[in-house]
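Taking it in order: structure first as structure tokens, then the write-up.
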Amino acid sequence: MTDIKSLYRQHEGRIMVEIVLDNVMELYNSLDPSPFRKRELDHAAEEYIYNAIDDFPLKEPMEIVVYLPPSKITPDVQDSIRSGIHNHFNYRLAAGERELRRTLRTGRKFLVVGVVILVAALLIRESLSLFPSTVENQAVQNILLILSWVAIWEPIHIFLYERSPISQRKKIYEKITSMPVFVKAIQEISPL
């Protein structure tokens, strides 16, 4: 099996996430009318950057390198690409924080409802155990037990399973927002 690190070039100890463009416009969503610094990245570019970062441990030093034809590189273009990438992922990070807050708020609400149903079901179940043990009584007790598990499952699912991927996405966005971004001429691409 090929080591994923061998698929990427390195520069000064950092893995390079490289993007080769013919025109700076290829980096951005063509439907977004905002200026470059605030413009949304093209979905394919965003996905490529995100997935490349996700391939490595978060502590692995990395950088983003955008290659353009030399005639297209100006100081303004370099600044707009750097700020555009960072702004885009800062926005994604803020959206991830909002999503995590909403998810946790929903989880807390479901937890309160689930605990109330759990306590009520267990109290009713306990009181039913004082009556003679009949098939009907046992059936109702089992239904209450199942109901209590069902009521508590969704908050458990939220806190154990839904929170983790959102937190992981946020960590990747945080990393991208702090990564150096370089703009270089296409002929500066060195062979693997």
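Just so it is clear, none of the values below were taken in a lab; they were calculated from the coordinates. Predicted model only: the values in this text are computed from it and were never measured. Don't worry about glycine lacking a Cβ; one is built from the backbone with ideal geometry, like all the others, and counts go over all protein chains shown.
A few remarks follow.
- What you get for the range 36-139, charging only the Cβ of Lys and Arg (+1) and of Asp and Glu (-1), is a dipole of about 540 debye around the Cα centre.
- Cα-centred dipole magnitude for the chain, charges only on beta-carbon of K, R (+1) and D, E (-1), debye, nearest 20: 700 debye
- For the chain, the residue among Ile156, Ser6, Leu144 whose Cα projects farthest onto the positive side of the dipole built from Cβ charges is Leu144.
- Entry note, the chain: the mean residue ellipticity at 222 nm calculated from DSSP H runs of n ≥ 4, each adding -39500 (n - 2.57), is -19500 deg cm²/dmol after division by the residues and rounding to the nearest 500.
- Given Lys59/Lys171; Lys72/Lys170; Lys5/Lys72; Lys5/Lys170, the pairs whose alpha carbons are separated by over 21 Å: Lys72/Lys170; Lys5/Lys72; Lys5/Lys170
- Virtual paramagnetic centre 7 Å along Cα→Cβ of Asp55, amide N under 12 Å, in the range 8-29: 8-10, 15-19
- Taking every alpha-carbon pair under 8 Å whose residues sit at least 6 apart, the chain reaches a relative contact order of 31 percent.
- Charge dipole of the range 111-192 about the Cα centre (unit charges at C-beta), most positive-ward option of Thr134, Tyr173, Val119: Tyr173
- Relative contact order of the range 66-165: 35 percent, from C-alpha pairs under 8 Å at least 6 residues apart in sequence.
- The range 121-190-the range 54-101 distance, computed between alpha-carbon centres (Å): 31 Å
- Computed from Cα atoms, the angle from the helix 75-128 axis to the main principal axis of the chain rounds to 10 degrees.
- Peptide packing for 71-84, 126-139 was compared via the average number of neighbouring C-beta atoms within 10 Å per residue; ordered from the highest value, the list is 71-84, 126-139.
- Placing dummy labels 7 Å off each Cα toward the beta-carbon, the span from Glu97 to Ser127 is 4.8 nm.
- Percentage relative contact order, the range 11-111, counting C-alpha pairs under 8 Å, at least six apart: 37 percent
- The chain: angle of helix 163-178 to the longest principal axis, Cα-based, in degrees nearest 10: 20 degrees
- The structure shown yields semi-axes √(5λ) of the Cα gyration tensor in Å, and of the options (i) 29, 18, 15; (ii) 27, 25, 18; (iii) 54, 18, 12 that calculated value carries the label (iii).
- Using R0 = 41 Å, the C-beta based FRET efficiency linking Lys109 and Thr177 works out to 0.85.
- Net +/- balance of residues flanking Lys171 in space, Cβ distance below 11 Å, scoring K and R +1, D and E -1: +2
- The equivalent ellipsoid that matches the C-alpha gyration tensor of the range 95-172 spans semi-axes of 37, 10, 6 angstrom, in descending order.
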